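These notes are about the structure you will find just below.
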Amino acid sequence: MTEAHGPRQGGFAYLSITSKLPLQAITDHLGRAPDRKNFSIGEPRKRPGLKPYSFSRWSMASGLDEADESISVEEHLRSLWGRMQSIREQVFSAPPEFERWLVAVGYFDRFEEPLSVSGGHFATAAYYRLNLDFDFYFGDDFGHDDYGGGAYWDWEGLPPSEGQV
């Protein structure tokens, strides 16, 4: 826990559209350039020795500062929904070759910290027919330091699940 700001709960969220079509095809359909990490199928990766990208990615950020740990995933999601209003019809009419993803990433100091994502975000993602990719990272390696490592069902004091010895 940090003294000045309480537990770290930073993160970010963005819309990602992937496809085997070129990036320009996604951009043309949506009518706006991506504003976050993007690439086109066949482009070389930045790290040497890796194969070129096998798909294209177009992304729209929440518009909030991803490095600001005081901004919660919840706030990033709310901001992203507002930004997506400008491309709502294009998202709805996206061809089946476009995979639509809502990506949310959260960082927490300890696994015991509360995680809250309002149900309305799931409803909004369903409204837009978005796949969900929620990645949450915990600074204490999911509490392994406190409980001796291993999966949570192995922690002392917790009964094993059915089928476990």
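The values are calculated or read from the model by the stated rules, or taken from the named source; none is laboratory data. Everything numeric in this text was worked out from a predicted model, so none of it was measured. We place every Cβ from the backbone using ideal geometry, glycine too, and count neighbours over all the protein chains shown.
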Qualifying position, being over 21 Å from Gly10 (Cα atoms) and surrounded by 12 or more Cβ atoms within 10 Å (Cβ to Cβ), among Val103, Val91: Val91
Residues of region 24-39 satisfying the condition of being more than 14 Å from Arg83 (Cβ to Cβ), under 20 Å from the mean Cα position of the chain (by Cα) and at pLDDT 95 or above: Ile26, Asn38, Phe39
For Ala104: the one exception among (1) part of a loop (DSSP other than H, G, I, E, B); (2) closer than 21 Å to Asp135 by Cα: (1)
Boolean, Ser54 is under 26 Å from Ser118 (Cβ atoms) and assigned to a loop (DSSP other than H, G, I, E, B): no
